[in-house]
Amino acid sequence: MADLTTWLDKAAAFRPETRLFVDGDYTDAAAGLTFTDVSPRDGSVIAEVASADAEDVDRAVRAARRAFDSGVWRDMPPRERKRILLRFAELIRENTESLALAETLDVGKPIAESVRVDVAGAANCLQWYAEAIDKVYDEIAPTGPDALALVTREPLGVVAAVVPWNYPMIIASWKIAPALATGNSVILKPAEQSPLSALLLARLGAEAGLPPGVFNVVPGLGERAGQALGRHPDVDKIAFTGSAEVGRLLLRYAGESNGKAVSIEAGGKSPHLVLADVADLKAVAEAVAWGIFYNAGQTCNAGSRLVVDEAIKDELLESVLRVTATFQVGDPLDPATTMGAIVDERQLAKILGYVGIGRDEGASVAFGGNQIRTDSGGYFVEPTVLDNVRNETRVAQEEIFGPVLTTTTFRGTDEGVRIANETRYGLAAAVWTRDVTAAHQISRRLRAGTVWVNTFDASDVITPFGGFKDSGTGRDKSLHALDGYTGLKTTWINLR
Ligand code: NAD
């Protein structure tokens, strides 16, 4: 890994693509609109980026529809489609440096993580779905001998992916890989805070051989470009990740336009449920601290609530605080940094506001709570631990989306499970115990799309990811994600 000076030089020389990518070419927005892309690392302007409006979205949808109807992609032999997507994954790897810079400058995440997790994760995801293309079979229904009934999957048509800023490339890849693998045309709308990696991906996809119109990228404001996609009568599906509130807006747009399919992956308030018999408190403390401070807590499944048996609370908290103190908050371009910036000024104010709310609600600040590195011009906050938090208070119920852990105690497993489940969200949860039977029983009772036992945030493209309740309805990753981009067709053949 290059050192800080090298990354600073690379950042100074970085010239990102800033135009929309429609029908195989970069182009300015029709009305010439732009928005300002600011780096949370130092508050500097990275670029003015083309801002798609309804007219641009319509152009992208028409290009995507033309490509779909022509069959140029969906009717291409599966092995050929696989070859193109594998090449796409390889080009991502070859362009790791530029893509990682785009992520780090846009989002403020540590460069080492952008390289190791974000870029590598997106490439792996594309490769995995590429490899699946010629391995997934359709079905024959168990009819009598006088008929043959085929149940086949068909691509939906034009899929729009509307994604957030916290893992721009990874979350985009979770949508575009299965959507492209199943033969759809795709329009990607990155978040306005993080458009750069998506715009670079567009070029790599074209270089890999995706025909014009099959993969389009339209950066723009949520209420303009996002809404235009949500309301477009010729979009067949919106694959959304973001806040529960915007997810509901997209459902409304769908209902008020063409009833398009909408899948939602929204936020979380994921608990660590730690039982008193846990084997290794140090291991729990490590997992708890990393589970909330990784990506500065801007992770949908961040383990933001520590729900611990009162018998071991003091000892565990002490251990968590020791790990917390080791986080290196610093310049995201410094490979030694383990916690980078908060994505923008608004998010920073929101996080600091929640620390104040926590205090007012009776919590004590056991660690951090302050803005730091103000001289940098960027947006940084200390890793923060709020202690003595009642689960019904706002800091335990609302998604802070920052590096803020709350600590709540319970007496007896039933109370622990009740507290863990008492949230509007249901994305993920962890159970820590030595008792295998208790682990299984509790896992079943936890209303969460993913339950980890004696670990946290273990994941891979091979398993589904998504939530219950306000955390959404969709499932990304694994072969199950293919269902979200295909419709079933029955072909009944008379053999009499
Ligand atoms: P957001 O909902 O504000 O924005 C997400 C996307 O929606 C962006 O592209 C944005 O431009 C667009 N958008 C905003 N307003 C819109 C509108 N009116 N119409 C159409 N599109 C609109 O979320 P965010 O702040 O970018 O991301 C943070 C949220 O995402 C958190 O709640 C987090 O938990 C969630 N998230 C969930 C997952 C998951 O997989 N479950 C993963 C990452 C983030």
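Could you tell me whether any residue of the stretch 369-381 is within 16 Å of the ligand (Cβ to nearest atom) and of a type outside the set (F, W, Y)?
First pass over the stretch 369-381, keeping only residues within 16 Å of the ligand (Cβ to nearest atom): 379.
Keeping just the survivors that are of a type outside the set (F, W, Y) gives none.
Checked the stretch 369-381: no residue is within 16 Å of the ligand (Cβ to nearest atom) and of a type outside the set (F, W, Y).
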For a quick check of your reading of the model, give me the residue pairs whose first member lies in the stretch 227-252 and is within 17 Å of P155 (Cα to Cα) and small (G, A, S), whose second is near the ligand (Cβ under 7 Å from one of its atoms) and assigned to a strand (DSSP E or B), with beta-carbon atoms closer than 8 Å and at least 6 apart or on different chains. A239/V162
Just a yes or no: is a residue in the stretch 314-333 within 16 Å of the ligand (Cβ to nearest atom), within 23 Å of the chain's Cα centre (by Cα) and in contact (Cβ under 8 Å) with a residue 40 or more places away in the chain? no
If you scan the stretch 461-496, which residues turn out to be part of a strand (DSSP E or B) and within 16 Å of the ligand (Cβ to nearest atom)? F465, F468, K469, G472, D476
Look at G121 and say whether it is part of a helix (DSSP H, G or I) and modelled with pLDDT of 95 or more. yes
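Which of the following residues is in contact with a strand residue (DSSP E or B) (Cβ under 6 Å, 6 or more places away or on another chain), assigned to a helix (DSSP H, G or I) and among the basic types (K, R): R81, R65, R87? Full working, then the answer.
Working: R81 fails: in contact with a strand residue (DSSP E or B) (Cβ under 6 Å, 6 or more places away or on another chain); R87 fails: in contact with a strand residue (DSSP E or B) (Cβ under 6 Å, 6 or more places away or on another chain).
Result of the check over R81, R65, R87: R65.
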Quickly run through the stretch 1-41 and pick out the residues that are hydrophobic (A, V, I, L, M, F, W, C) and part of a strand (DSSP E or B). L20, F21, V22, F35, V38
For the stretch 274-289, check the following and say yes or no: at least one residue is of a type outside the set (D, E), within 16 Å of the ligand (Cβ to nearest atom), surrounded by fewer than 20 Cβ atoms within 10 Å (Cβ to Cβ) and in contact (Cβ under 8 Å) with a residue 12 or more places away in the chain. no
Tell me, which strands (runs of 3 or more DSSP E) wholly within the stretch 319-422 include 2 or more residues that are among the β-branched types (V, I, T)? 384-387, 404-410
Quick check: anything in the stretch 447-458 hydroxyl-bearing (S, T, Y) and either over 26 Å from R248 (Cβ atoms) or more than 16 Å from the ligand (Cβ to nearest atom) (or both)? yes
Single unsatisfied condition, T299 versus (1) under 24 Å from I171 (Cβ atoms); (2) in a strand (DSSP E or B): (2)
So A123 passes all but one of these: (1) of a type in the set (A, V, I, L, M); (2) surrounded by 15 or more Cβ atoms within 10 Å (Cβ to Cβ); (3) more than 30 Å from V381 (Cα to Cα); (4) touching a residue at least 60 places away in the same chain (Cβ under 8 Å). Which condition number does it fail? (4)
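Results for (1) surrounded by 24 or more Cβ atoms within 10 Å (Cβ to Cβ); (2) assigned to a helix (DSSP H, G or I), shown as yes or no for each residue.
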residue: E131; (1), (2): no, yes
residue: D134; (1), (2): no, no
residue: T152; (1), (2): no, no
residue: A179; (1), (2): yes, yes
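Confirm whether S243 is in contact with a Gly (Cβ under 8 Å, 6 or more places away or on another chain), away from the ligand (no atom under 12 Å from the Cβ) and among the polar types (S, T, N, Q).
Details: in contact with a Gly (Cβ under 8 Å, 6 or more places away or on another chain): yes; away from the ligand (no atom under 12 Å from the Cβ): no; among the polar types (S, T, N, Q): yes.
When the stated conditions are applied, S243 does not pass them.
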Considering only the stretch 448-460, how many residues are over 20 Å from the mean Cα position of the chain (by Cα) and either over 17 Å from V274 (Cβ atoms) or in a strand (DSSP E or B) (or both)? 1
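The values are calculated or read from the model by the stated rules, or taken from the named source; none is laboratory data. Computed from a predicted model, the values in this text were never measured in an experiment. Here Cβ is always computed from backbone atoms with ideal geometry, including for glycine, and neighbour counts include all displayed protein chains.
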